[in-house]
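Below is one structure, written out as structure tokens; the observations come after it.
The values are calculated or read from the model by the stated rules, or taken from the named source; none is laboratory data. Quantities reported herein were computed from a predicted structural model and do not represent experimental measurements. When we count neighbours, we look across all protein chains shown, and the Cβ atoms used for this are built from the backbone with ideal geometry, even at glycine. SASA here: full protein model, heavy atoms, side chains in, ligands and nucleic acids out. Shrake-Rupley method; radii C 1.70, N 1.55, O 1.52, S 1.80 Å.
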Amino acid sequence: MNEELPYLLALALFALSTAGTPGPNNLMLTASGASYGFVRSIPHMVGILMGFAVLLLSVAAGLGSIFQIWPVTHTILKITGTAYLFYLAWKIANAGSASSAKNDNAKPLTALQAASFQFVNPKAWIMCITAISTFTKDGEQYAVSAALIVATYSLVMINTLPIWTLFGQLIAQKLKTHKAKLRFNYLMGSLTAASVLMIIY
């Protein structure tokens, strides 16, 4: 057991440093918490958790090797993911605009939408490929170590995702005017767009 402690500690710290730091998912949850509150953002959190776990398992099963076999697929992912993130950033920035305020169609992401987003999220792919390539073990221990990675990330994200959502809700409570809320939404939209640029360039 003592021999496994350094491995488990390194894995936990890696998961915390990648899943708990600012990125598209966490910034979007902050914006969702601010715009819709914690309770209405729960499906968004559940979707991220489930989608990321499925993506991790898919990479462990060999999906990530597609990038090595067909490098063009990596370019396609970058283009698709960037375009979709910019679209989401635009939605976040305009969540509190006059037009959307009159429109009942403004809703937080559903669990399915948030889960599907993981497959076009460049940071999620980088996290999964790095985690699987670094922390899986050879031979008969491969499947067990891959499952342990999924479990570790899930435990970390169960704790960090609500924090980012509550952070957004708390900020929204401090924004007393409509103009202040608009500025916050513009800021979160800009940060979401900037986060993907920092990832892919």
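Give the residue, chosen from 48, 79, that is in a helix (DSSP H, G or I), more than 15 Å from residue 131 (Cβ to Cβ), open to solvent by 20 Å² or more (accessible area, probe 1.4 Å) and out of contact with any Phe, Trp or Tyr (no Cβ under 7 Å at 6 or more places or on another chain).
Every option except 79 fails the conditions.
What helices (runs of 4 or more DSSP H) lie completely within segment 107-190 and have 1 or more residues being modelled with pLDDT under 90 and under 16 Å from the mean Cα position of the chain (by Cα)?
Those helices (runs of 4 or more DSSP H) span 122-135.
Looking only at segment 107-158, count how many residues are farther than 14 Å from residue 59 by Cα, without any contact (Cβ under 8 Å) to a residue 12 or more places away in the chain and of a type in the set (S, T, N, Q).
Residues meeting the conditions: 1.
Return the only residue of 36, 84 being aromatic (Phe, Trp, Tyr), free of Cβ contacts under 8 Å to residues at least 40 places away in the same chain and under 30 Å from residue 179 (Cα atoms).
Exactly one residue qualifies, and that residue is 84.
Within the bounds of segment 154-168, is there any residue that is buried (at least 20 other Cβ atoms within 10 Å of the Cβ) and farther than 21 Å from residue 55 by Cβ?
Checked against the condition, which is being buried (at least 20 other Cβ atoms within 10 Å of the Cβ) and farther than 21 Å from residue 55 by Cβ, segment 154-168 yields at least one hit.
Out of the residues in segment 1-45 meeting the condition of being touching a helix residue (DSSP H, G or I) at 6+ places or on another chain (Cβ under 9 Å), surrounded by fewer than 20 Cβ atoms within 10 Å (Cβ to Cβ) and among the small types (Gly, Ala, Ser), tell me which one is farthest from residue 81 (Cα to Cα).
10
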